[in-house]
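The values are calculated or read from the model by the stated rules, or taken from the named source; none is laboratory data. What you see is a predicted model; the values in this text were computed from it and never measured. So basically every Cβ, Gly included, is an ideal-geometry build from the backbone, and we count neighbours across all protein chains shown. The protein model used for the area step is the full one, side chains on, heavy atoms only, and it has no ligands, DNA or RNA in it. Shrake-Rupley method; radii C 1.70, N 1.55, O 1.52, S 1.80 Å.
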Amino acid sequence: MGLILTRAAQWTSSNKLESTPLNEFLVTQILNYAEKFVSRHPQEAEHVFDEPLQWNTSLVKYDFKDDYIISAIGVKSLEKDSEGKPLLQFFPPSISVRTFSQLSKLLHLADDRKRHEVQVCLEENRDLMVKIVGQSLANTSEEDLSTLEIDVRVKLFILLRNTDEKILNKFVGEIAKQVKLLPTAVEEEVEFLRQYCTEGGKRLLKSLRYTSDYEFPNGCRAPPWRQLLGEICYVVIEPCDAEALYITCSSSGVFLNAGLDKEEDESLYERQSDYYEDIATLLKRVSPHFEENVKKQYFVEQKPRRSIHLAHVVYEIEQAQPKTPEEREWEKLQRALYGRKKREPCQRWRNLGVLTICGSTEEEELLMSPAERKRLGSKNKTIMKSGLTAASSIGLTASQRRKSIVASFPEEHFSGSSSESEEEEEQTERRPDTSTELQSEYWQVQKLVKYLKAADQTATVLVLCAMMDLDLMKEVIQLAILDLGGLELLLNLLDTTDIRSKIGSLKILAKISQNVIIRQTIVNMRGLQRMVNNLDIPVKELQALASETIAHVAKFRRARRIVRVHGGISKLVKLLECFPYSATPEDMEMNLEVARCGASALWSLSKSSKNKEAIRKAGGIPLLGFLLRSPYEDMVIPVVGTLQECASQKNYRVAIENEGMVKDLVKNLRSDNEELQMLCASAIFKCAEDKLTRDLVRSHQGLQPLVSLLSKAENKQLLAAATGAIWKCSISMENVAIFQEYKALQILIGLLTEQPEEVLVNVVGALGQFAQIPANKSIICNGGGMRALINLLNGTNQALLVNVAKAVGACATERDNVAQDAGEMVLFLIGGLKLIIQLLKSPSNEVLTSIFAVIAKLAKDKEILGVLSDRGVVPLLAGLTSTTDVRLRCHLAEAIGHCCTWSSNRACFGEHKAVGPVVHYLESNDSSLLLNTTMALYQLSKDPNNIITMHKEGVVQPLIELIASGTDQIQEFAAGCIRNIRLLVLANQRAVY
């Protein structure tokens with residue numbers, strides 16, 4: 001990998017990799033190679049490097065798990081070399097690695113930080129190849145290599161060198177996207193000038209040649225690291241009247257270099273002249289013979305134009321040529337079929353990369369003129385030889401261009417719930433299907449759209465039927481309908497009086513509206529208003545299709561607002577009423593479909609807070625409650641989806657309780673449909689904020705099904721909903737007891753690692769509730785839960801940090817449960833300590849109580865207390881002493897007492913006016929508060945200035961009373977505080993006398 005770092009990579013003046021797309025490409029390629037090296041080359045992966053790779057890592061000690069020895073000062077691998085030295089050593093922050101096997105394990109441990117680790121490793125080990133195989137082997141030439149005995153070290157060197165070349169070849173492809181002009185333009189000019197190097201009257205030059213015979217796939221001959229600068233190739237020209245000229249051809253023009261031929265001196269690349277438009281212009285400036293004879297020659301004016309749009313130039317030339325009888329006949333055919341203007345695919349369709357000059361189908365060739373067919377055969381060879389099309393010359397592939405089209409529209413994101421003020425995005429997978437089979441489908445769509453424009457009612461229905469035979473779920477067909485004007489025609493049919501045309505149009509719209517671009521266009525063309533108007537027509541199939549299409553389109557905020565403003569919500573709610581009333585099985589099936597589609601539309605619309613209120617006012621809650629009891633899962637899923645969205649509002653939660661829906665939600669938890677289970681659990685999650693719902697879930701035996709859902713850990717959405725429901729239900733201690741019967745606590749502890757954040761927030765929240773029972777605290781700590789909880793302090797998710805702080809604080813109240821190495825563990829979580837300090841600014845008393853409890857435990861470690869003090873914990877604690885909450889005061893006093901073990905902190909509490917408020921905590925009758933307060937006052941009284949403040953606040957009398965009536969510990973702390981006060985008085989008296 002020597003060439004990659006020395007030639008291809010781009011470096012800053014401080015020897016760091018620049019933040020460029022090409023550098024990112026190189027790092028990604030090297031990362032992929034290092035990760036897969038062990039599986040592909042297990043023997044070479046165990047070879048010990050000549051020198052270890054060393055860098056400053058972002059990992060901490062406790063990122064290392066099995067196969068490593070973790071000590072107070074660092075980490076060592078169990079694997080050692082022949083001399084007994086560990087193959088990996090970590091003394092924070094420096095790490096050294098000596099085999100690819102250990103490097104691969106390290107990248108696995110780094111997880112989402114592995115790309116950063118590779119980049120830092122490359123930056124701090126520029127001589128990578130030398131360190132891996134040694135100086136002598138790294139400098140071995142190709143000829144000398146063949147004489148060496150093949151061993152593991154030589155095999156490793158060969159592998160690395162071959163990989164170097166492979167990555168560089170890929171790198172060339174990336175560089176091709178940055179070339180501004182086609183290398184073919186330079187090649188054509190060189191080939192043209194070579195005609196005039198022969199003997200005879202036309203000879204203007206002695207010779208002309210490239211310095212390199214190797215042509216890269218992008219058409220360039222310059223080395224990859226010079227292509228980054230836009231250089232294409234190097235040419236050596238011998239004029240008839242001057243010395244040899246060494247010319248650099250670049251995307252910006254041509255210029256003379258410092259004599260570059262076969263030398264490897266980088267200084268020879270430097271520009272020695274001005275830029276010229278082309279080689280001929282440069283030659284005219286330096287060769288009088290060439291300039292004089294150029295005027296006599298015809299070829300200069302006839303040489304190819306240096307243009308990317310070569311096809312356009314050819315078209316202009318052909319238009320100037322006389323037409324043959326065959327071509328005139330073809331033009332008449334075109335006018336007869338399409339009018340005077342030839343119908344061609346629009347630019348957006350061409351941007352998809354389906355219609356290219358290099359890959360035409362038979363259908364396209366039939367539509368080509370004779371000249372076009374002839375030109376196709378000759379031009380394909382030239383374009384394929386160059387390796388570049390006009391698209392690649394501007395750095396965009398077909399896939400990237402399609403993504404750029406999609407990115408120009410606001411998109412949506414499917415989440416559990418959202419408000420109308422939120423920006424939503426939809427991450428849709430784009431499949432760049434550019435097969436030639438799709439071209440025939442494009443022309444078929446074009447025909448159908450053309451017929452649809454001029455068809456009567458009967459023909460319209462036939463065209464719509466033919467259109468439905470297409471695979472409407474293919475993105476290219478969807479975009480073809482849009483680009484050719486078919487979408488506008490389909491929407492116009494919704495305004496007609498013909499029911500068959502309306503139904504046919506909606507059947508197509510219901511499918512293609514699942515495309516994000518088409519959804520946006522439908523809204524822009526006022527299609528939603530037309531669909532809402534069709535909800536009033538008493539034709540059930542029409543109502544169902546209109547509702548289904550609205551459900552697909554209303555995935556973003558503006559669409560949801562349009563439906564509400566035009567009265568669509570009340571109309572959709574009315575559709576729910578049709579389900580109970582039916583006379584025949586056929587009517588029952590159709591009514592069921594209408595109600596299902598209506599519920600699906602309400603589900604999409606309910607992501608807006610204003611729409612939730614509109615659904616409630618339209619009478620939707622009782623109807624949703626009735627449909628929730630349906631035996632048809634297809635009906636129940638959108639109903640529960642709507643309810644779980646609306647359950648974020650208090651009035652909906654009350655209605656769900658009053659309408660008896662909790663029983664039905666619990667019943668559907670036992671379904672085999674995971675989507676339905678997820679939606680029901682999510683609804684319970686939101687409703688269980690209220691005690692009545694928690695009690696109803698328990699009374700309807702819903703706790704056991706929630707625990708059973710934890711076994712489906714592969715479905716992360718279902719797992720997040722289930723853990724959320726367990727968290728909220730466990731707020732009631734009666735539910736916790738039942739959860740314990742089903743071993744829920746042990747399962748939750750096992751979910752503390754390798755889970756997404758939305759799951760971890762809920763799991764930790766539930767553990768915080770379980771820890772309210774003393775016996776569960778030991779189970780959490782003994783089961784490895786405490787270590788996992790502390791590791792989560794490295795995150796940045798505020799909701800997760802709040803729950804972790806609460807859970808750790810609850811578990812740490814039992815002295816036996818505090819881990820012996822907890823202080824050392826937290827010491828390395830500097831980011832976690834910073835976040836703990838930030839949470840002291842929270843407005844929530846519950847959060848502050850938990851944080852005070854955590855600080856009280858952490859401050860027992862001197863090193864951690866030092867970090868907390870440096871981050872300003874004392875002023876923040878002092879600013880909160882005015883609280884009147886007894887529980888908050890209790891933990892705050894404990895935290896202050898433990899922070900005062902540092903003398904400088906005692907004085908700092910006094911300076912920030914914390915002593916006076918703490919004295920008044922003695923007015924309470926709560927024994928825990930009195931214990932922590934006397935402990936804090938005892939520590940504060942070790943500072944003379946604090947004693948003066950205490951005396952002014954009247955601390956002596958309450959302390960004397962506590963000495964007489966308090967517990968042993970309270971008496972001890974109170975007596976110690978009075979002793980310190982008395983010693984200060986005696987010292988003052990001695991000073992006076």
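Inspect all residues belonging to segment 47-57 and state whether any of them is of a type in the set (A, V, I, L, M, F, W, C), out of contact with any Gly (no Cβ under 9 Å at 6 or more places or on another chain), open to solvent by 70 Å² or more (accessible area, probe 1.4 Å) and part of a strand (DSSP E or B). No, the conditions are met nowhere in segment 47-57. Go through the residues of segment 865-888 one by one and say whether even a single one is modelled with pLDDT under 90, under 23 Å from M786 (Cα atoms) and of a type in the set (D, E). Checking segment 865-888: not a single residue is modelled with pLDDT under 90, under 23 Å from M786 (Cα atoms) and of a type in the set (D, E). Within segment 482-496, the set of residues being under 18 Å from L528 (Cβ atoms) and among the hydrophobic types (A, V, I, L, M, F, W, C) comprises L482, L487, L489, L490, L491, L493, L494. Scanning segment 621-668 for residues that are open to solvent by 10 Å² or more (accessible area, probe 1.4 Å) and either of a type in the set (A, V, I, L, M) or in contact with a strand residue (DSSP E or B) (Cβ under 7 Å, 6 or more places away or on another chain) (or both), we see that the one that is nearest to L706 (Cα to Cα) is I637. Please work out which one of (1) open to solvent by 10 Å² or more (accessible area, probe 1.4 Å); (2) under 19 Å from I684 (Cα atoms) is the condition C781 fails and give its number. Only one criterion in (1) open to solvent by 10 Å² or more (accessible area, probe 1.4 Å); (2) under 19 Å from I684 (Cα atoms) is unmet by C781, namely (2). Quick check: is even one residue across segment 753-760 open to solvent by less than 10 Å² (accessible area, probe 1.4 Å) and under 31 Å from the mean Cα position of the chain (by Cα)? Among the residues of segment 753-760, at least one is open to solvent by less than 10 Å² (accessible area, probe 1.4 Å) and under 31 Å from the mean Cα position of the chain (by Cα), which makes the answer yes. Residue count for segment 70-96, restricted to those that are among the charged types (D, E, K, R), open to solvent by 40 Å² or more (accessible area, probe 1.4 Å) and out of contact with any strand residue (DSSP E or B) (no Cβ under 6 Å at 6 or more places or on another chain): 3.
Residue-wise test of (1) under 32 Å from the mean Cα position of the chain (by Cα); (2) under 29 Å from A110 (Cα atoms).
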position: S699; (1), (2): no, no
position: K728; (1), (2): yes, no
position: V764; (1), (2): yes, yes
position: G784; (1), (2): yes, yes
position: Q798; (1), (2): yes, yes
position: N803; (1), (2): yes, yes
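Of everything in segment 140-160 that is surrounded by 12 or more Cβ atoms within 10 Å (Cβ to Cβ) and modelled with pLDDT under 80, the residue that is farthest from the chain's Cα centre (by Cα) is L148.
Taking the condition aliphatic (A, V, I, L, M), within 28 Å of S14 (Cα to Cα) and modelled with pLDDT of 75 or more, does L137 pass? Reasoning before the result, please.
On the way: aliphatic (A, V, I, L, M): yes; within 28 Å of S14 (Cα to Cα): no; modelled with pLDDT of 75 or more: yes.
It is false that L137 is aliphatic (A, V, I, L, M), within 28 Å of S14 (Cα to Cα) and modelled with pLDDT of 75 or more.
Figure legend. Inter-residue proximity from segment 235-254: first residues open to solvent by 10 Å² or more (accessible area, probe 1.4 Å), second residues among the β-branched types (V, I, T) and modelled with pLDDT under 85, beta-carbon distance below 7 Å, spacing 6+ or different chains. Indicated pairs: S251/V179. Against the conditions (1) over 18 Å from L490 (Cα atoms); (2) modelled with pLDDT of 90 or more; (3) open to solvent by 10 Å² or more (accessible area, probe 1.4 Å); (4) more than 34 Å from the chain's Cα centre (by Cα), R530 satisfies every one except (1). The set of residues from segment 229-260 being under 23 Å from T198 (Cβ atoms) and in a loop (DSSP other than H, G, I, E, B) comprises C240, D241, A242, E243, A244. If the condition is being open to solvent by 10 Å² or more (accessible area, probe 1.4 Å) and either of a type in the set (S, T, N, Q) or not in a helix (DSSP H, G or I) (or both), then segment 706-741 contributes S708, S711, K712, A713, E714, N715, Q717, I731, Q740. It is to be established whether one or more residues within segment 924-931 are of a type in the set (D, E), under 21 Å from G954 (Cα atoms), part of a helix (DSSP H, G or I) and modelled with pLDDT under 90. The answer is no, given that none of the residues of segment 924-931 is of a type in the set (D, E), under 21 Å from G954 (Cα atoms), part of a helix (DSSP H, G or I) and modelled with pLDDT under 90. Cβ-Cβ distances below 6 Å connect the following pairs, each with a first residue in segment 492-515 that is in a loop (DSSP other than H, G, I, E, B), a second residue that is at pLDDT 90 or above and open to solvent by 20 Å² or more (accessible area, probe 1.4 Å), and a separation of six or more residues or different chains: L494/R530; S513/H552; Q514/H552.
Do you know which residues across segment 869-888 are part of a loop (DSSP other than H, G, I, E, B) and over 19 Å from S844 (Cβ atoms)? Within segment 869-888, R871, G872 meet the criteria.
The residues of segment 568-595 that are of a type in the set (G, A, S), modelled with pLDDT of 90 or more and open to solvent by 10 Å² or more (accessible area, probe 1.4 Å) amount to a single one, S570. The set of residues in segment 700-723 that are within 15 Å of V640 (Cβ to Cβ) and among the small types (G, A, S) comprises G702, A721, A722.
Scanning segment 846-896 for residues being of a type outside the set (A, V, I, L, M, F, W, C) and more than 19 Å from L793 (Cα to Cα) gives a total of 12.
Scanning segment 204-222 for residues that are surrounded by 18 or more Cβ atoms within 10 Å (Cβ to Cβ) and at pLDDT 85 or above yields L205, L208, T211, C220, R221, A222.
Scan segment 935-952 and give yes if some residue there is in contact (Cβ under 8 Å) with a residue 12 or more places away in the chain, open to solvent by 50 Å² or more (accessible area, probe 1.4 Å), touching a Leu at 6+ places or on another chain (Cβ under 6 Å) and not polar (S, T, N, Q), otherwise no. Checking segment 935-952: at least one residue is in contact (Cβ under 8 Å) with a residue 12 or more places away in the chain, open to solvent by 50 Å² or more (accessible area, probe 1.4 Å), touching a Leu at 6+ places or on another chain (Cβ under 6 Å) and not polar (S, T, N, Q).
Can you name the helices (runs of 4 or more DSSP H) wholly within segment 649-699 that have at least 3 residues being within 25 Å of K716 (Cα to Cα)?
On the way: elements: 650-658, 661-668, 674-687, 691-699.
Where helices (runs of 4 or more DSSP H) fall fully within segment 649-699 and carry at least 3 residues being within 25 Å of K716 (Cα to Cα), they are 661-668, 674-687, 691-699.
Remark: P756 matches the filter, which requires a residue to be in contact with a helix residue (DSSP H, G or I) (Cβ under 9 Å, 6 or more places away or on another chain), modelled with pLDDT of 80 or more and over 26 Å from L876 (Cα atoms). Residues in segment 535-551 that are closer than 14 Å to L509 by Cα and open to solvent by less than 40 Å² (accessible area, probe 1.4 Å): L542, Q543, A544, L545, A546, S547, T549, I550, A551.
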